[in-house]
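The structure appears below as structure tokens.
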Amino acid sequence: MESFALHSLSTTTTTTTTFSTSLYTRNSLLHRSPRSLPITKSSSTAHSLSSIRSSTQKPLLFSPFHNKNKVFTSKFRILALDQDPKDSPLSKSSEKPAPPQKGAKLIPLLISVSIGLIVRFAVPKPIEVTSQAWQLLSIFLSTIAGLVLSPLPVGAWAFLGLTTSVVTKTLAFPTAFSAFTSEVIWLIVISFFFARGFVKTGLGDRIATYFVKWLGKSTLGLSYGLTFSEVLIAPAMPSTTARAGGIFLPIIKSLSLSAGSKPGDASSKKLGSYLIQSQFQCSSCSSALFLTAAAQNLLCLKLAEELGVIISSPWVSWFKAASLPALFSILATPLILYKLYPPETKDTPEAPAVAAKKLETMGPVTRNEWTMVGTMVLAVSLWVFG
């Protein structure tokens, strides 16, 4: 949680004033002016702080403006970022966050379990279906109902359904857990690990920002820049959902809002609608280009192997077969959408400058980003060469 201390001076003050404040963090004092004075808990200060805190909806940027011989008006405020409200003597809020809910949601839990019990014991079993298969169907329906109603987190509920199938001897233990030996399942898990790594290290944001800097002078170029950056990341992230939701949706939203294009509003047609539609259509093309760009590609390959179709060097063979249609679609889709679903904003000359400024703010590539690059290259190399 971020807590902040704001201090506002009266606009009627015409005499020379000295302004000072202290900024607190969890472990250390970040900033102190040379002539800082302790902040007292006076009623006027508390009233000023509470009125500013209640009227301020968005966090203010911190800019130290200590000037000895200058009169400051109420529009000048200072922000202290604090990661623990207990550390700051100014953050005495009566509002307490609601405690996280513990345990299962009772009503969704009863409904989900009841569906399985009704199917198992109340619905007549067809003669052609075995008791084991009918019991498995009831567990399956109860699991699906729980995934929809969410009495527990998805992972916990799915594991509970798997455990039930083993405890009731509906499935043998090796059969129930055989999916965990499937490379497709682990590929899906790894894709979300990579997505989290791209987001946490900032590498995905950096790659997309570079393409915006190079190609973002127009809306069409902006779309191509985001598409090419998605293609570059796709071989190491076998999930379209992970790429779109984890990396590119926040970037597109930020670009759209900066252009005055808000989602769910008539202004969305300025820029946001086109960028989202273009990214959505092109992501399926990049998923088809590489074998490891989507988990369903590995599933298709596995099904083909079960039918006796064995492909040597599957990654390279897949790329050769998919390169022509996928690359053509990637190059043509933004242009076709530009004609069929044109954005109102055609030029974005400020986007490259904003991207360049953002890259300066991000600084040089960090050690964590290089580690992420090395991991991505290693994983793709192992997939390519088997």
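Structure data summary
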{"item": "Normalised convex hull volume, the stretch 134-174, alpha-carbon set, Å³ per residue", "result": "58 Å³"}
{"item": "Relative counts (whole %) of C-alpha pair distances in the stretch 104-148, using bins that are 5 Å wide", "result": "5, 25, 30, 19, 12, 6, 2, 1"}
{"item": "Alpha-carbon radius of gyration plus Dmax, which is the widest Cα pair, for the stretch 268-386 in Å", "result": "19.0, 55"}
{"item": "Heavy-atom accessible area order for CYS285, CYS300, largest first, 1.4 Å probe", "result": "CYS300, CYS285"}
{"item": "Square roots of 5 times each gyration tensor eigenvalue, C-alpha, the stretch 199-334, largest first, Å", "result": "31, 14, 13"}
{"item": "Unit Cα scatterers, Debye sum, the stretch 322-386: log10 I(q)/I(0) for q = 0.12, 0.15, 0.27 Å⁻¹", "result": "-0.69, -0.93, -1.02"}
{"item": "Alpha carbon convex hull of the stretch 255-329, projected area averaged over orientations, nm²", "result": "6.5 nm²"}
{"item": "Area accessible to solvent at THR361, 1.4 Å probe radius, in Å²", "result": "120 Å²"}
{"item": "Volume of the Cα convex hull of the stretch 118-275, divided per residue and given in Å³", "result": "180 Å³"}
{"item": "Under the Debye formula (equal points on every Cα, no solvent term), log10 I(q)/I(0) of the stretch 149-239 at q = 0.14, 0.19 Å⁻¹", "result": "-0.70, -0.92"}
{"item": "Under 5 Å, built H, 5+ apart or other chain: amide partners of SER218", "result": "THR348"}
{"item": "Rotationally averaged projected area of the stretch 118-198 (alpha carbon convex hull; nm²)", "result": "6.9 nm²"}
{"item": "The stretch 157-280: Lys pairs at Cα distance under 29 angstrom, eight or more positions apart or on different chains", "result": "16"}
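The values are calculated or read from the model by the stated rules, or taken from the named source; none is laboratory data. It should be emphasised that the depicted structure is a prediction, and the values quoted were computed from it without experimental measurement. For the accessible areas, the whole protein counts, side chains as well, though only heavy atoms, and no ligand, DNA or RNA atoms are used. Shrake-Rupley method; radii C 1.70, N 1.55, O 1.52, S 1.80 Å.
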